[in-house]
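Derivation of every value follows stated rules applied to the coordinates shown; laboratory data play no part. Keep in mind it's a predicted model, so treat the numbers as computed, not measured.
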Amino acid sequence: MTENPASSVARVRIWDVPTRLVHWLIVASVATSWWTAERGDLELHRYSGYLLLGLLLFRIYWGFAGSSSARFAHFVKGPRAIARYLRSGSTPSVGHNPLGALSVVALLLLLLIQVTLGLFAVDVDGLESGPLSHYVSFEVGRACAKWHETVFDVLVWIIVLHIAAVLFYVIFRKQNLIGAMLHGHREYAEQPGSSIRFASVTRTIVGIVLAVALTWMIARGLELP
């Protein structure tokens, strides 16, 4: 009697709910920001930008205080680790692999730059300016507005590369990264050597409160009541 190969597959939970929810909300908010900018609906564009800012603030917090698979220290590796991964090509990793980590960090940095530029951007007539635009001159605010558009063009290319890499792993490596970010589990040929330590609900609540409070303060122009 032959052993069923599927029986040796280990199904491991690697992504917690906050990580998955923030990931897809960022996708939705970026799409909404693009759509509202194209339609000229700057009021809704402003609110989608605030949502994106709050999500990024929470993700940064979660990168230090969240579950181990979501922490930057867990998946951001140095050049040697990336080179080893490129040479092996199939080294199993719990969470982001060293190459995928570069894509994640690049996306987060570009999104953070994009949102920050929008906070200081000044419209031509000054009617639809960012909440922090009063801290800079009109010329600097206009420059921020132009860079806000330029950085988004770069961001689009990084997003396209990110999607292409995910599809490559799904089609050629048979690793369903999309499904893992939906239900939180991945299948491995054998049980991974390291396990994930998941953060508590308390840490999640703290992160939400901090992100909402900071976003609210920034939206008010950092002016306390």
Degrees separating the helix 17-39 axis from the principal Cα axis of the chain, which is the longest one: 40
Max mean-square fluctuation residue, GNM over the chain, Cα-Cα springs under 10 Å, options G78, G63, G49: G78
Residue with peak Gaussian network fluctuation, the chain [Cα springs, cutoff 10 Å], from I208, I196, I163: I163
Prolate/oblate/rounded call for the range 23-124, Cα gyration tensor, a/c under 1.5 rounded: prolate
Between helix 79-88 and the chain: long-axis angle, C-alpha atoms, 0 to 90°, nearest 10: 40
Between helix 42-65 and the chain: long-axis angle, C-alpha atoms, 0 to 90°, nearest 10: 40
Answer label for P(r) over Cα pairs in 10 Å bins from 0, in percent (calculated), chosen among [x] 9, 34, 35, 17, 4, 0; [y] 7, 28, 31, 20, 9, 3, 1, 0; [z] 7, 26, 26, 19, 12, 6, 2, 0: [y]
Contour excess over end-to-end distance, with Cα ends at I163 and L109 and 0.36 nm allotted per residue: 17.7 nm
³J(HN,Hα), Karplus 6.51/-1.76/1.60, whole Hz, each residue of the range 100-117, x for Gly, Pro: x, 4, 4, 5, 5, 5, 4, 5, 5, 5, 5, 5, 5, 5, 4, 5, 4, 4
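List the relative contact order of the chain as a percent without decimals, with contacts defined as Cα pairs under 8 Å and 6+ residues apart.
Details: 239 pairs, mean separation 69.9, N = 225.
31 percent.
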GNM result for the chain, Cα springs below 10 Å: residue of A180, A143, A101 fluctuating most strongly: A143
